[in-house]
Amino acid sequence: MMRINLVLLVAVVFSALYLVGIQYESRRVFTELDKARADSRRLETEFGRLQVAKREQATSARVEQLAREKLQMRQVTPAITSYVTYSAPVPQASASAAKKGVQ
């Protein structure tokens, strides 16, 4: 009878220690989960803020202002427009024949 009581006592102590360990691990994991959720909320807020900033930077008024200030660009007017004409290159055979006839 004494052996059974001793075995049961050891089993109860082992079970109690195991339960304490599991509860500790559960609390630790829950704390990590809570931190991860807080980080997730923080990152979602920051992402939204960055999306708004991105939209602000891409407005046509801002692009036009940067073009004027940093690149010294200006609006196109007929007074400052330069027209470029295209002349086709002379074929090689004609060029060599023209040289022989000229010389």
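The values are calculated or read from the model by the stated rules, or taken from the named source; none is laboratory data. The structure displayed is predicted, hence computed values, not measured ones. Note that each Cβ is placed from the backbone with ideal geometry, even for glycine, and that neighbours are counted across all protein chains shown. These area figures cover heavy atoms from the full protein model, side chains too; ligands, DNA and RNA do not enter into them. Shrake-Rupley method; radii C 1.70, N 1.55, O 1.52, S 1.80 Å.
On the given criteria, is Q72 of a type outside the set (D, E) and exposed (fewer than 10 other Cβ atoms within 10 Å of the Cβ)?
In short, yes.
Could you pull out the residue among S94, S82 that is assigned to a helix (DSSP H, G or I) and at pLDDT below 85?
The match here is S94.
Would you check if there is a residue in region 20-27 being open to solvent by 100 Å² or more (accessible area, probe 1.4 Å), modelled with pLDDT of 95 or more, over 30 Å from M73 (Cβ atoms) and among the acidic types (D, E)?
no
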